[in-house]
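Structure in structure tokens, see below.
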Amino acid sequence: MDSFFESFTGMSTFIPMIGENLFGMTLTELRDIVAEAGMEAYRANQIFTWLYDKHVTDFNEMTNLSKAQRDILAARYSLYVPVIVSERVSTDGTRKFLLALEDKLEIEAVYIPSERESAGEPKRHTICVSTQVGCPLDCVFCATASMKLKRNLTTGEILGQWLALQRYASRRITNLVFMGMGEPLLNLDNVLRAVEILTHEMTTGIGSRHLTISTAGLPREIRRLADSGVNVKLAVSLHSLDDAVRSRLMPINRKHNLADLLPSLEYYYRKTRKRITFEYILFEGLNDSERDAVRLAKLTRRIPGKVNIIPFHQIDHVSKTLRAMDFAPSAPDRAEAFISRLRKDNVTVMVRNSSGVDIDAACGQLAINSSRRHVHNHSIVA
Ligand code: SF4
């Protein structure tokens with residue numbers, strides 16, 4: 001196990017809410033706040049730096065502000081970051097964190113060490129963050145779906161997962177994927193604000209090249225994301241190019257079928273020039289035939305992208321009655337034949353491993369199991 005994180009002590013900084021959370025405010029919003037408080041305009045830059053570069057969670061630590069200014073802020077605002085309440089560590093170094101929100105709801109974030117270098121140290125330190133408490137989209141292979149949607153996360157709660165894990169880590173987090181609990185594009189305003197802050201030159205955040213947003217496929221929001229100019233990577237949970245099969249796996253396909261979804265992906269590529277990642281879980285006898293592989297290869301010629309083959313992980317830790325129990329992962333020889341067929345057609349194929357499967361932190365496994373109060377989501381790209 002690497003020492004990216006110190007041993008969990010159960011202690012985390014928690015400042016109770018007094019007013020609106022300052023954490024999650026953009027620089028533009030901070031400018032309005034300091035103007036309203038009668039402070040000089042440059043104070044907004046100082047506060048922005050304290051929050052997202054120096055990562056302070058106490059107004060008293062903002063030492064270049066006068067005591068009177070700190071008191072004004074403390075009287076009007078809070079500095080709230082989700083609290084790490086527990087952690088599970090996988091034998092492969094993946095760590096799953098259960099975080100409590102101010103209203104006692106809980107979410108999960110996952111740390112995945114990836115691209116291990118020969119010396120043994122991972123080159124990339126990726127975190128997977130949640131964007132909603134639960135999810136309304138009901139994909140059959142996903143444990144989060146069992147929670148239904150409780151609510152969207154605020155910008156501060158999305159960014160707070162990064163801050164909580166970064167404060168706890170001994171080295172810089174290099175990559176962030178919006179692939180935890182929830183459908184990020186259903187909470188697009190807050191996701192875009194989080195991206196704006198993370199990629200701002202005055203923060204120790206993460207560059208847009210190292211950010212990935214995953215979606216089950218919401219065409220209007222994909223176009224909006226393309227038009228926003230944030231230029232992050234986009235991953236789409238595809239899983240089939242047959243509407244009947246895809247609708248079985250992902251009910252959202254009944255509302256937005258492939259004829260609706262694919263043009264929005266073409267639009268995203270044209271606007272951003274970023275190759276799309278097509279996430280594909282192989283299910284035995286359902287979407288793993290040669291014909292399926294040929295169709296997928298054809299798609300990557302129409303919309304430039306790569307294919308991530310993701311193992312199907314059982315999610316019976318959430319409920320034995322889940323519909324996912326009706327599906328089985330493709331047998332190794334069938335999966336191998338599918339991947340070979342794609343590669344024969346010069347498709348870039350990444351075969352994902354099952355990081356964190358032993359702690360229910362792998363693709364599709366995140367969900368708060370209320371009876372066990374353990375978190376166990378989407379697709380994790382390490
Ligand atoms: S896979 Fe993603 S969009 Fe589908 S239910 Fe799970 S969290 Fe929601």
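The values are calculated or read from the model by the stated rules, or taken from the named source; none is laboratory data. Just so it is clear, the model here is predicted, and its values are computed rather than measured. As a convention, Cβ positions derive from the backbone with ideal geometry for all residues, glycine included, and neighbour counts pool all protein chains shown.
Which of the residues spanning the range 132-146 are farther than 21 Å from I310 by Cα and within 9 Å of the ligand (Cβ to nearest atom)?
Q132, G134, P136
Can you tell me how many residues in the range 120-140 are β-branched (V, I, T), more than 19 Å from R151 (Cα to Cα) and part of a strand (DSSP E or B)?
2
Suppose the filter is basic (K, R) and more than 16 Å from the ligand (Cβ to nearest atom); does R151 pass it? Spell out the reasoning first.
On the way: basic (K, R): yes; more than 16 Å from the ligand (Cβ to nearest atom): no.
Here the answer is no, as R151 does not meet what is asked.
Confirm whether D53 is at pLDDT below 95, among the acidic types (D, E) and touching a Gly at 6+ places or on another chain (Cβ under 9 Å).
Yes, satisfied.
Here are some residues: A68, A109. Which one is in the same structural domain as D360 (by TED's automatic domain parsing) and modelled with pLDDT of 95 or more?
A109
While we're on this one: Could you please let me know if L99 is more than 16 Å from the ligand (Cβ to nearest atom), at pLDDT 95 or above and in a strand (DSSP E or B)? Before the answer, list the steps.
On the way: more than 16 Å from the ligand (Cβ to nearest atom): yes; at pLDDT 95 or above: yes; in a strand (DSSP E or B): yes.
Yes, satisfied.
Is it fair to say V129 is in the same structural domain as D358 (by TED's automatic domain parsing) and touching a Lys or Arg at 6+ places or on another chain (Cβ under 6 Å)?
no
Would it be correct to say that A74 is more than 17 Å from Q161 (Cβ to Cβ) and surrounded by fewer than 22 Cβ atoms within 10 Å (Cβ to Cβ)?
Yes, satisfied.
Answer yes or no as to whether K150 is closer than 17 Å to D360 by Cβ and of a type in the set (K, R). Even if it seems obvious, please write down each step before you answer.
Details: closer than 17 Å to D360 by Cβ: no; of a type in the set (K, R): yes.
Criteria not met by K150.
What number goes with the only condition from (1) modelled with pLDDT under 95; (2) outside any strand (DSSP E or B); (3) charged (D, E, K, R) that R88 does not pass?
(2)
Can you pull out the residues in the range 41-96 that are of a type in the set (A, V, I, L, M, F, W, C) and out of contact with any helix residue (DSSP H, G or I) (no Cβ under 8 Å at 6 or more places or on another chain)?
The answer is L51, A68, I72, A75, V85.
Still on this structure, please answer the following. Of the numbered conditions (1) outside any helix (DSSP H, G or I); (2) farther than 21 Å from R167 by Cβ, K54 satisfies every one except a single condition; which is it?
Going through the list (1) outside any helix (DSSP H, G or I); (2) farther than 21 Å from R167 by Cβ, K54 breaks only (2).
Regarding the range 19-34, can at least one residue be identified that is of a type outside the set (D, E, K, R), modelled with pLDDT under 90 and in a loop (DSSP other than H, G, I, E, B)?
yes
Could you say which residue among L188, L211 is at pLDDT 95 or above, within 16 Å of the ligand (Cβ to nearest atom) and aliphatic (A, V, I, L, M)?
Just a single option satisfies the conditions, and that option is L188.
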